[in-house]
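S.K.: For reference, the structure I am asking about is given below.
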Amino acid sequence: MAALSASCLVGPVPFKDVATAVDGHSSTPEEYEDIVSGLPSSTALGMVLRQYRGSWVIQERVTAFISLQRRFTPRPGDVLLASPAKCGTTWLKALAFATMARGAYPPTDAQHPLLRMNPHECVPFMDELFTAGQDARLEALPSPRLMHTHMHHSLLPASVTDNPDCKIVFICRDPKDMLVSLWHFVKGVRPFTFDDLFNSACEGKTPNGPIWDHLIGYWSTSKTSPDNVLFRYEEMLIDPVGHVRELARFIGQPFSHADEAAGIPADIVKLCSFDKLKGQGANTAGSYDGKVFSFAHETFFRKGVAGDWVNNIDARDGATL
Ligand code: A3P
């Protein structure tokens with residue numbers, strides 16, 4: 001499909017359709033490198049992590065986070081999805097995109113973008129765009145924008161966190177399931193055992209760790225700010241349609257009586273279901289190719305259930321896979 005001209009569109013649009021038309025590379029000021037070299041560091045899981053404002057960040061991402069804090073300008077209507085890795089980001093991206101873009105792309109449309117591209121191609125990953133110096137691609141997106149980050153809440157710029165026009169949707173999951181999911185996701189490409197991963201996680205040293213601070217940061221703001229909402233993967237599995245309704249209400253696009261009568265919320269859930277997405281050609285082939293990591297699209301879909309940790313972790317003495 002030809003790249004879309006963003007100027008005449010209303011968002012969110014599939015990111016990949018717009019991004020390919022945007023050139024431009026921003027460089028990192030030297031002072032950012034100086035900041036990085038002064039931060040505490042630790043080698044964990046074959047990666048160098050830096051402790052930046054309480055969070056363990058992959059070294060290559062620290063300058064990106066500084067750039068994001070200093071350069072990112074939120075716009076009214078922006079919706080930011082946030083998550084620790086392996087907590088249902090792919091699913092949330094698909095649901096949020098299908099919900100926000102339902103006017104332009106009804107969920108039963110045979111040409112729906114989620115049937116031709118991976119959810120990560122529909123919704124941009126800000127951390128990676130700033131790492132690659134490609135944040136101009138975010139500027140090119142028409143409003144309202146839908147974006148995603150793995151950053152801790154405490155690392156987001158105040159222009160986002162103190163902004164009632166910018167909504168934040170966080171998804172979390174039982175950390176034991178998250179670690180099992182992460183292990184299966186990376187085991188072919190990373191030189192560490194599950195015990196290494198488990199022990200590092202217990203020390204807080206995983207990318208964007210500690211996991212508990214990640215959760216508490218978004219959980220506490222979801223309790224105090226009407227512009228933040230927290231979803232739990234396990235609860236979404238039990239009542240996906242209820243969560244899609246809540247999502248639509250939260251972002252200011254509640255379903256109308258006509259939408260409900262037409263079954264739109266249920267159609268969105270069906271379109272974004274594990275089996276439907278896993279079977280799409282865009283998800284059985286192709287890959288996500290970032291500056292720091294690359295993964296085959298199919299690896300984003302494994303089991304899609306809650307509680308799989310019992311099949312993988314010995315509850316008495318921690319971890320063995
Ligand atoms: P499992 O490895 O436990 O199966 P992320 O998208 O943040 O990387 O999280 C990946 C987890 O979400 C994986 O969990 C994956 O199978 C699951 N997942 C992906 N798409 C899903 C969907 N449409 N519905 C439910 N779970 C999904």
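S.K.: Name the single residue, out of those in segment 227-247 being away from the ligand (no atom under 16 Å from the Cβ) and either in a helix (DSSP H, G or I) or free of Cβ contacts under 8 Å to residues at least 40 places away in the same chain (or both), that is farthest from PRO175 (Cα to Cα).
M.R.: Going through segment 227-247, the residues away from the ligand (no atom under 16 Å from the Cβ) turn out to be 227-229, 245-246.
Still in the list and also either in a helix (DSSP H, G or I) or free of Cβ contacts under 8 Å to residues at least 40 places away in the same chain (or both): 245-246.
Values: ARG245: 26, GLU246: 24 Å.
Top of the filtered list is ARG245.
S.K.: Count, please, the residues in segment 298-315 that happen to be of a type in the set (Ser, Thr, Tyr) and more than 10 Å from the ligand (Cβ to nearest atom). Lay out the reasoning, then the answer.
M.R.: Taking segment 298-315 as the starting set, the residues that turn out to be of a type in the set (Ser, Thr, Tyr) are 299.
Still in the list and also more than 10 Å from the ligand (Cβ to nearest atom): none.
Going through segment 298-315 one residue at a time, the tally reaches 0.
S.K.: Against the conditions (1) part of a helix (DSSP H, G or I); (2) touching a residue at least 40 places away in the same chain (Cβ under 8 Å); (3) more than 15 Å from the ligand (Cβ to nearest atom), where does GLN253 fall short? Just the number, please.
M.R.: (1)
S.K.: State all residues of segment 64-76 that are touching a Ser or Thr at 6+ places or on another chain (Cβ under 6 Å) and crowded, with 20+ Cβ neighbours inside 10 Å; if no residue qualifies, say none.
M.R.: Just the residues of segment 64-76 that are touching a Ser or Thr at 6+ places or on another chain (Cβ under 6 Å), to begin with: 64, 74-75.
Residue satisfying the conditions is ALA64 alone.
S.K.: Additional query: Given (1) in a helix (DSSP H, G or I); (2) more than 16 Å from the ligand (Cβ to nearest atom); (3) of a type outside the set (Asp, Glu); (4) open to solvent by less than 30 Å² (accessible area, probe 1.4 Å), where does ARG137 come up short, assuming only one miss?
M.R.: If we test ARG137 against (1) in a helix (DSSP H, G or I); (2) more than 16 Å from the ligand (Cβ to nearest atom); (3) of a type outside the set (Asp, Glu); (4) open to solvent by less than 30 Å² (accessible area, probe 1.4 Å), just (4) comes out false.
S.K.: Can I ask one more? Restricting to segment 276-297, count the residues that are near the ligand (Cβ under 10 Å from one of its atoms) and without any contact (Cβ under 8 Å) to a residue 12 or more places away in the chain.
M.R.: Residues meeting the conditions: 1.
S.K.: So in segment 65-97, with the set limited to residues that are outside any loop (DSSP other than H, G, I, E, B) and among the charged types (D, E, K, R), which one is nearest to the chain's Cα centre (by Cα)? Step through it out loud before you land on a result.
M.R.: Going residue by residue through segment 65-97, those that are outside any loop (DSSP other than H, G, I, E, B) are 65-71, 79-82, 89-97.
From the residues that got through so far, the ones that are among the charged types (D, E, K, R) too are 70-71, 93.
On the way: ARG70: 21, ARG71: 20, LYS93: 7 Å.
It comes out as LYS93.
S.K.: Follow-up. Do you know which of the residues in segment 100-115 that are farther than 23 Å from VAL229 by Cβ and within 16 Å of the ligand (Cβ to nearest atom) is surrounded by the most Cβ atoms within 10 Å (Cβ to Cβ)?
M.R.: The extreme case among them is PRO113.
S.K.: Could you count how many residues in segment 50-99 are closer than 22 Å to ARG145 by Cβ and more than 16 Å from the ligand (Cβ to nearest atom)?
M.R.: 17
S.K.: Among the candidates SER222, SER294, SER287, single out the residue that is within 20 Å of CYS172 (Cβ to Cβ) and touching a strand residue (DSSP E or B) at 6+ places or on another chain (Cβ under 9 Å).
M.R.: Values: SER294 fails: within 20 Å of CYS172 (Cβ to Cβ); SER287 fails: within 20 Å of CYS172 (Cβ to Cβ).
So the residue among SER222, SER294, SER287 that is within 20 Å of CYS172 (Cβ to Cβ) and touching a strand residue (DSSP E or B) at 6+ places or on another chain (Cβ under 9 Å) is SER222.
S.K.: Please go through segment 104-131 and give me each residue that is outside any helix (DSSP H, G or I) and touching a residue at least 24 places away in the same chain (Cβ under 8 Å), ordered by number.
M.R.: ALA104, PRO106, PRO107, THR108, HIS112, ARG116, MET117, ASN118, VAL123, PRO124, PHE125
The values are calculated or read from the model by the stated rules, or taken from the named source; none is laboratory data. None of these values were measured; they are calculated from a predicted model. In this analysis, Cβ positions are derived from the backbone assuming ideal geometry, glycine residues included, and neighbour counts consider all displayed protein chains. Just the protein is used for accessible areas: all its heavy atoms, side chains included, with ligands, DNA and RNA removed. Shrake-Rupley method; radii C 1.70, N 1.55, O 1.52, S 1.80 Å.
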